[in-house]
Amino acid sequence: IFDGDTPSSERQRIISNPPDIVITNFDTLHYHMMHRTKFSRLLNNIEHIVVDEVHVYTGTFGSNVHFIIKRLKRVCRDFQIVAASATISNPSEFCKSLFGIDFSLIMEEKGKRGKMHFAIIFPSLRTHRSLVIDVLKSLASYGYRTLVFSSSHLGAELTAFYAKRNGVDVSVHRAGLLPSYRKKIEKEFKLGLLKAISSTPTLELGIDIGSVDSVLSDLVTITRMIHRIGRAGRRGQESIAILALRDNDPISQYYKNNPKDYFDDVDQGYVDPSNPVIAELQVLASSMDKPIRKGEFINFNEILSKLKSKKILFEKGDKLIPDYSMARRILEKHDIRGCGETVSITFNGKKIGERSMPQALSELHPEAVYFLAGSRYKSIDFKFEKGIGEAKVEHLPINYPYYTRPLMEDRPSILRILDKKLIMNIEIAYCELLIEKKVIGYVNFEIGSEGVKGQKVFLEEPVGYKFKTKGIVFRAPIPNEILNKTFKERIGDIACSSYHAAEHVTIEGTNMITGGAAQDMGGIALGSSGLIFIYDGSVGGNGATRLLYDKIDSAFKRALKILKECPCKSESGCPRCTYSYRCGNNNEYLHKLGALEIFHRIFSGEATQTGLPIPGERTMV
């Protein structure tokens, strides 16, 4: 094993007496190639690269891996790639996109394990969180060693927070926590000193944490769920797997009414190899590996010209060489598991975690309550300048009554149209976008309350961030029937509210169709124009909306079904149809019947146009 935790003496032994097989990770390859270490010279002789758990290399992490493979090909002789995954429905296509070469599917088989009991549960007359905590308490009382999976940082932290209050011995494991802390949690669980872990997808990977008896998960696709529950019963023992649907989630309500569909929604891997932000950083890293010769990276001439104009790359004969000190400073800030700039979280002058932009803006803005390793902190100072950010936090008392979500204003600009198509008669465009995010305030939610609306507080000075990404845009039909039944002075409000609700249910309804990618997306309904934007939430793009673009007809069908099946009579809808817990507007100004009419009009064949230019032309809209 050769990675960041390998002791110096062991590293020297490996380098001086190279083994036949080295177990490592892409972070290690990235670092050692660009620093031209002694270990990097061993890479000249590799014949095979075996990539386990290949399904985890989606989104921006996958974009980085795509370029690291390109860089390996520059410094190594030819090698073969073997990839393995237990939970991906499009292995050949995904691997071709991820690694840039053709693949053949050579083997499919089922693993062997003990008997597993599987249940899907829905929280009737109670909250999702209280159901999860009660189930976890019950599992703990019988001595089951349990993994609880949440798809978000906040979800994992809240589960641990409430569970500890109920006497459960549980710790948090997620990205953003220091590696030393995560390893401590893994070791304690493996030794039996810890009975439960509340985790994000970090523990979906093949980390050996010992014997697991039960897995409790929030809603993910069936393929993702199979991988999560695959952590249990590996010692041959009987095990328990539970999928906990949400009480205030449109897709959970959909599966409650259509449970068989859950087993048919097999997800696909997604990656965007053309992410321009990652491409620029990885091309620069390539020049650190070895000088770029004339004719290399011809598909990235625009990036090469940009780096030369910034005096980061210089021409020397037929080669491009970097300003090594400047390039190191730039690349030291780049985490290959993301692409946005990083914000350090500091407490009493000591770094206790980190978060990438733009997520850091939403979670660490001034006065935000931030959960870290089961404790709550309040952001007292947030600064981000020239790619460097810091959030200073203070510890909150255990009886502090709130947690927060941001109030956001998002402004989209279209930079270039990449593709267009008609679905029914609705023109859909796939675009390069500039998103301007601004936190104007936040919403206080009482601990113990899982309501989707809370108490709004506005910041004296809003904080913002601009980033380029990719996404789709379409113009929704006008809900004339609803407008004609309303007072004239409310027509504008009803139209805006209808489009806002349609945006919500499109994203939430497509979540399982796109492999749970909704958490990687953002959405904007642009006033009364009818234009609806759905964009990748990562800097440069992560491929999630490209997958949505390919499956938008299925997303529209499911959105219509969610709205039709929800029995609520509220004008704005409810958490089981139009509300979204990711909404930056506190789920205000939604109109359910207007959104329902929009989707009826789509399926009746009504035509709309975006009014955007042909693909390939640069623009600014």
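The values are calculated or read from the model by the stated rules, or taken from the named source; none is laboratory data. This one's a predicted model, so the numbers in the text were calculated from it and none came from an experiment. Virtual Cβ from ideal backbone geometry, glycine too; neighbours counted across all protein chains shown. These area figures cover heavy atoms from the full protein model, side chains too; ligands, DNA and RNA do not enter into them. Shrake-Rupley method; radii C 1.70, N 1.55, O 1.52, S 1.80 Å.
In segment 98-194, what GluC sites (Glu not before Pro) fall in a loop by DSSP, with at most 11 other Cβ atoms inside 10 Å? Sites meeting the loop and neighbour criteria: GLU108, GLU109. Per-residue Karplus couplings for segment 249-257, computed as 6.51 cos²θ - 1.76 cosθ + 1.60 with θ equal to phi - 60°, are listed in order as 9, x, 6, 5, 4, 4, 6, 4, 7 Hz, Gly and Pro entered as x.
The residues packed around GLY471, meaning those with a beta-carbon under 10 Å from its beta-carbon, carry a net charge of 0 if Lys and Arg are +1 and Asp and Glu are -1.
Figure the gain on full extension for GLU296 and HIS117 (residue separation times 0.36 nm, minus the Cα-Cα span) and round it to one decimal in nm. Spell out each step's value before the answer.
Values: separation 179, 0.36 × 179 = 64.44 nm, distance 5.41 nm.
Working it through step by step, the gained length comes to 59.0 nm.
If you take the square roots of the eigenvalues of the alpha-carbon gyration tensor of segment 69-223 and sort them as a ≥ b ≥ c, do you get rounded (a/c under 1.5), prolate (a/b over b/c) or oblate? Prolate.
Probe of 1.4 angstrom, ligands and nucleic acids ignored: what's the accessible area per residue over the chain, in square angstrom?
On the way: 27890 Å² over 621 residues.
Per residue, the chain has an accessible area of 45 Å².
In terms of the Cα gyration tensor, with a ≥ b ≥ c the square roots of its eigenvalues, is segment 112-197 rounded because a/c is under 1.5, prolate because a/b exceeds b/c, or oblate? It comes out oblate by the Cα gyration axes. Calculated FRET efficiency, ILE321 to VAL457, Cβ-Cβ distance, R0 = 45 Å: about 0.30 to the nearest 0.05. As a calculated quantity, the FRET efficiency between ASN257 and LYS137 at R0 = 35 Å, using C-beta atoms, amounts to about 0.75. Taking the DSSP beta bridges with both ends in the chain, the antiparallel portion is around 70 percent.
Mind running the shape call on segment 330-369? Use the C-alpha gyration tensor, a ≥ b ≥ c as the square roots of the eigenvalues: rounded below 1.5 for a/c, prolate if a/b tops b/c, oblate otherwise. The shape class here is oblate.
For Cα pairs less than 8 Å apart in space and 6+ apart in sequence, what is the mean separation divided by the residue count of segment 309-371, i.e. the relative contact order in percent?
17
The local environment of SER344, defined by Cβ-Cβ distances under 9 Å, has a net charge of 0 under the rule Lys, Arg +1 and Asp, Glu -1. Label-to-label distance, ILE46 versus SER9, with points set 7 angstrom from Cα along the beta-carbon direction: 2.8 nm. The calculated FRET efficiency for the pair SER104 and ASN348, based on their C-beta separation and a Förster distance of 56 Å, comes to about 0.50.
Under a 5 Å amide H cut-off, with hydrogens placed 1.01 Å from N, ASP247 pairs with HIS128 among residues at least 5 apart or on other chains. Summary of the geometry: segment 348-393 and segment 115-194, compared by the centres of their Cα atoms, lie 24 Å apart.
Stretch SER152-LYS569 to full length: gain in nm at 0.36 nm per residue minus the Cα-Cα span? Walk me through the numbers before you get to the answer.
Details: separation 417, 0.36 × 417 = 150.12 nm, distance 3.05 nm.
Stretched fully, the SER152-LYS569 segment lengthens by 147.1 nm.
Each 10 Å bin from zero holds the following percent of Cα-Cα pairs in segment 1-92: 14, 48, 30, 7, 0. When nucleic acids and ligands are ignored and a 1.4 Å probe is applied, TYR162 ends up with an accessible area of around 20 Å². Residues whose amide H falls under 5 Å from that of VAL170, counting only those 5 or more places apart or on a different chain, are absent, with hydrogens built in the peptide plane. For SER356, the residues whose amide H sits under 5 Å from its own are VAL343, ignoring neighbours fewer than 5 places away on the same chain, with H placed 1.01 Å from N. When the accessible area of the chain is computed with all protein chains present and a 1.4 Å probe, what percentage of it is carbon and sulfur? It is 51 percent, rounded to a whole number. The helix-only estimate of mean residue ellipticity at 222 nm for the chain, built from DSSP H runs of length n ≥ 4 each weighted as -39500 (n - 2.57), is -10000 deg cm²/dmol after division by the residue total. Given the C-alpha centroids of segment 74-105 and segment 545-581, what is the distance between them in whole angstrom? Measuring centre to centre over Cα atoms gives 35 Å. The structure-derived value of Rg and Dmax of the Cα atoms in Å appears in the list (i) 24.7, 82; (ii) 30.0, 100; (iii) 26.4, 81 under the label (i).
Backbone geometry of segment 393-402 corresponds, through the Karplus equation with coefficients 6.51, -1.76 and 1.60 at θ = phi - 60°, to 3J(HN,Hα) couplings of 10, 10, 6, 9, x, 5, 8, 4, x, 10 Hz, x marking Gly and Pro.
Please work out how much length the chain gains when fully extended from TYR181 to GLN609, using 0.36 nm per residue of separation minus the C-alpha to C-alpha distance, in nm with one decimal.
Numbers: separation 428, 0.36 × 428 = 154.08 nm, distance 5.22 nm.
This chain segment gains 148.9 nm when fully extended.
Computed from backbone phi with θ = phi - 60° and the Karplus coefficients 6.51, -1.76 and 1.60, the 3J(HN,Hα) list for segment 29-44 is 4, 4, 5, 6, 5, 6, 9, 6, 6, 4, 4, 4, 5, 5, 5, 4 Hz; x is used for glycine and proline.
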